[in-house]
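Reading through the structure tokens given below for one structure.
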Amino acid sequence: MADIDGFGHACSISTDATVTHARPDSEPLRAGLLITIDLMLALDCCHADVADTIVVGGGGHPLLDALDAVWHAGLATMKPSIAWAEVAAAMTDAAHDHDLRLVRGLAGHGIGLAPHEFPVLPLVPGPSDPPVTLRPGMVFTLEPAITSGSGETVDSEDGWAVSTADGRPAAAREAMIAVEEGQIRVLGWPPVDDKGHASGYNPLRTGPCPGA
């Protein structure tokens, strides 16, 4: 597990209105609470980054149903040579279909030998954000986050946790995407069969670091 940039913990555990990057604490969890677990791993100088939101104690939640729709809208739009802005627009439309919004100020990122690499892929691209086109050889994170509120955020005093400005709950998901010739591949998000067994998982390359 990786402790990135002095975060101090192996994973981030965020609840309800805290969207991401909260440090674990001693606050008891209660049934029905939305909780987002964000985990970064490092092995042989390669990095992996995954996250998902669940309900404490099990059960469903409208935000999770909508998150599935937003996630699949993003994946369905992706292909080599497409502009990232088109992927973001598809996820935005899927969120709006559920009367929800993407969380502003968050972004996917390149990942590989470093935990955060270029390109930067904002959930809600602005006019000052440089355009990005998906090209074979890219590996990056897809990490939509949705909320029933305005989508605006505030940062915690320690500069890590990001919460919705209006206190409305949020849900988020993250996995890595590899762009290949003619297709994309989802990494770190294995499909599950009817027995609950992961299948088709594509592990990251292992071995010595380049130049080691």
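The values are calculated or read from the model by the stated rules, or taken from the named source; none is laboratory data. On a predicted model such as this, the values are computed, not experimentally measured, just so you know. Glycine gets a Cβ as well: all are built from the backbone with ideal geometry, and neighbour counts include every protein chain shown.
Just a few scattered comments:
- From the list 65, 49, the lone residue that is of a type in the set (Asp, Glu), under 18 Å from the mean Cα position of the chain (by Cα) and farther than 17 Å from residue 19 by Cβ is 65.
- Any hit, the range 95-110, residues being at positive phi, surrounded by 15 or more Cβ atoms within 10 Å (Cβ to Cβ) and under 17 Å from the mean Cα position of the chain (by Cα): yes
- Some residue of the range 50-73 being modelled with pLDDT under 90 and assigned to a strand (DSSP E or B): no
- Test: residue in the range 62-70 that is under 15 Å from residue 142 (Cβ atoms), surrounded by 20 or more Cβ atoms within 10 Å (Cβ to Cβ) and in contact (Cβ under 8 Å) with a residue 12 or more places away in the chain: yes
- In summary, strands (runs of 3 or more DSSP E) completely within the range 95-161 and bearing 1 or more residues that are within 29 Å of residue 9 (Cβ to Cβ) and of a type in the set (S, T, N, Q) occur at 139-142, 145-147, 153-155.
- Residue match in the range 11-34 (condition: surrounded by 15 or more Cβ atoms within 10 Å (Cβ to Cβ), modelled with pLDDT under 95, over 27 Å from residue 150 (Cβ atoms) and aliphatic (A, V, I, L, M)): no
- Which listed residue, of 179, 103, 162, is touching a residue at least 40 places away in the same chain (Cβ under 8 Å) and in contact with a His (Cβ under 9 Å, 6 or more places away or on another chain): 162
- Those residues of the range 152-165 which are farther than 21 Å from residue 55 by Cβ and either within 16 Å of the chain's Cα centre (by Cα) or modelled with pLDDT of 95 or more (or both), in sequence order: 152, 153, 154, 160, 165
- Among (1) out of contact with any Gly (no Cβ under 9 Å at 6 or more places or on another chain); (2) small (Gly, Ala, Ser); (3) more than 17 Å from residue 15 (Cα to Cα); (4) in a strand (DSSP E or B), the one test that residue 178 misses: (1)
- Test: residue in the range 36-49 that is outside any loop (DSSP other than H, G, I, E, B), hydroxyl-bearing (Ser, Thr, Tyr) and closer than 23 Å to residue 178 by Cβ: no
- Unique residue being buried (at least 19 other Cβ atoms within 10 Å of the Cβ) and more than 28 Å from residue 23 (Cα to Cα) when the list is 134, 142: 134
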